[in-house]
Amino acid sequence: MPAGIDPESVETDDQAERYRELRRVVFSRLVETIDAAQLLRGGIVQGRAQIATALGDIIIDEGLKVSALEEDRLLNEISDDMLGFGPLERFLTQGNITEIMVNGTDPIYVEIDGVLRRTDVQFRDNNQLFNVCQRMVNLVGRRVDEASPICDARLQDGSRVNVIVPPVSVNGPAMTIRLFRQDVITLDQMVEKGTISRGGAELLRILATTRCNVMVVGGTGSGKTTMLNALTGYIDPAERIVTCEDTAELRLPQPHVVRLETRPPNVEGRGQIPMRDLVRNCLRMRPDRIIVGEVRGPEAFDLLQAMNTGHDGSMSTLHANSPQDALSRMTSLVTMGFGSLSPEVIEDMFQRSVDVIVQVDRMRDGARRVTHVTEVLDFGPGDQRLHDVLVFEPDARRRDEIVPGRHVAVARPVGEILRRAELFGETDNLLRALQMDGWSEADPDDDGS
């Protein structure tokens, strides 16, 4: 369990006040004693050792009554303040934490294994929190203040940070950090975690290798980007890939990858490079595959156009709660930039462009699971068909903390998935993958109707 989680004891008000006064005295003396610029130049390890030495000298010189536990706590907190990001520092280096949420001076929340946990760690006051927010965004050339109270930034390690400060945030600055995983989760690891079945993982591998156009859909924090990253691992190394993202998170192992990232406007409101500009520009870059981190605006039209004009195997993610919602969501996004297009025309474009929808959800136990692999069938204008191939069936008879259930192959593909499997010589592998999840060739073929 990480530091700061589920404390066994709680300080009394008198003990807390005494410690705050002790910390104030020690910190003010340290500021007078230590050259801050030299401290930062020396690095974390050397700087911490210097602070520890100075702290011991101050305790002796001032005759302070400090227990070994309090001295260790003072060293940790002051080192975090002077060398890092204050109370956040202890969470930034723990591999099992995926998200950090700061709500003013209230206790900090973290996400571990998909579950939110309240810690016993908090900022002393809004000034300390605001200074940490400023320091964090300044590292990447951004700023946040009363004139620009909202800031999205990507840290140097790839983590994403969102900061919102007063007057927009009523109860003090709020900060959310989505930590960047250094390792890439593979489909095999997803099988071990129960995200997808072994047969389902083979089905997803076939979708990626046979150049199906795939939309990964789900809610916030459901694991869409993680799934997209896993699928891209099966792209042929000989292909040229262009990625377009708001925040560069994808880590593709192929040698021929061009990474594009949007740019927000500067303080004068100029210089913005939106996602649509990136998607349109990458069409001029001779890509074999286009990977869009997430569609959330009119760039949806350009992506559908690309999928329908020779850029087979393109992939993206989309916020939607079901495969059916994905269609209406894409229709809404296209309409944002092309109001003259009727919903029927957009739906026709969608069914002719997207081959497969992969739905991922975060369950109540925090686990991420693939709940649908749905084929998009093209049976002509106005005849939109969503044909489930693989679904996750929860066991409604059990009420465990861990959501029970299993992945079931409910039908054989009858559209583009099957055609591409035949084209790439993957038909036998496709049928074996479905059989692993309960589909039988003796079952009547499902034509999607």
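Just one of the listed residues (312, 325, 355) is surrounded by 22 or more Cβ atoms within 10 Å (Cβ to Cβ) and of a type in the set (D, E, K, R), namely 355.
Working only within the stretch 41-93, note down all residues that are β-branched (Val, Ile, Thr), closer than 23 Å to residue 15 by Cα and over 36 Å from the mean Cα position of the chain (by Cα). 58, 59, 60, 66, listed by residue number. Beta carbons closer than 7 Å, at least 6 apart along the sequence or on distinct chains, pair a first residue in the stretch 188-217 that is in the same structural domain as residue 318 (by TED's automatic domain parsing) with a second that is surrounded by fewer than 21 Cβ atoms within 10 Å (Cβ to Cβ) and polar (S, T, N, Q) for 202/429; 206/429.
Restricting to the stretch 78-122, what's the tally of residues that are closer than 30 Å to residue 53 by Cα, out of contact with any helix residue (DSSP H, G or I) (no Cβ under 6 Å at 6 or more places or on another chain), charged (D, E, K, R) and surrounded by fewer than 20 Cβ atoms within 10 Å (Cβ to Cβ)? Total meeting the criteria: 1. For the stretch 107-140, a tally of residues being at positive phi and without any contact (Cβ under 8 Å) to a residue 12 or more places away in the chain returns 0. Within the stretch 328-340, the set of residues being surrounded by fewer than 15 Cβ atoms within 10 Å (Cβ to Cβ) and touching a residue at least 24 places away in the same chain (Cβ under 8 Å) comprises 336, 337, 338.
A quick yes/no check of all residues on (1) of a type in the set (Lys, Arg); (2) under 23 Å from residue 73 (Cβ atoms); (3) in the same structural domain as residue 20 (by TED's automatic domain parsing):
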{"position": "106", "(1), (2), (3)": "no, yes, no"}
{"position": "113", "(1), (2), (3)": "no, no, no"}
{"position": "139", "(1), (2), (3)": "no, no, no"}
{"position": "142", "(1), (2), (3)": "yes, no, no"}
{"position": "148", "(1), (2), (3)": "no, no, no"}
{"position": "155", "(1), (2), (3)": "no, no, no"}
{"position": "166", "(1), (2), (3)": "no, no, no"}
{"position": "170", "(1), (2), (3)": "no, no, no"}
{"position": "173", "(1), (2), (3)": "no, no, no"}
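Filtering the stretch 405-426 to residues that are more than 28 Å from residue 194 (Cβ to Cβ) and either assigned to a strand (DSSP E or B) or not charged (D, E, K, R) (or both) leaves 414, 415, 423, 424, 425. Across the stretch 73-84, the number of residues qualifying as over 16 Å from residue 21 (Cα atoms) and either of a type in the set (A, V, I, L, M, F, W, C) or at pLDDT 85 or above (or both) comes to 2. Within the stretch 269-285, is there a residue that is touching a residue at least 60 places away in the same chain (Cβ under 8 Å) and part of a loop (DSSP other than H, G, I, E, B)? Checked against the condition, which is being touching a residue at least 60 places away in the same chain (Cβ under 8 Å) and part of a loop (DSSP other than H, G, I, E, B), the stretch 269-285 yields no hits at all.
The values are calculated or read from the model by the stated rules, or taken from the named source; none is laboratory data. Bear in mind the structure is a predicted one, so any value in this text is a computation, not a measurement. Neighbour counts run over all protein chains shown; Cβ positions are idealised from the backbone, glycine included.
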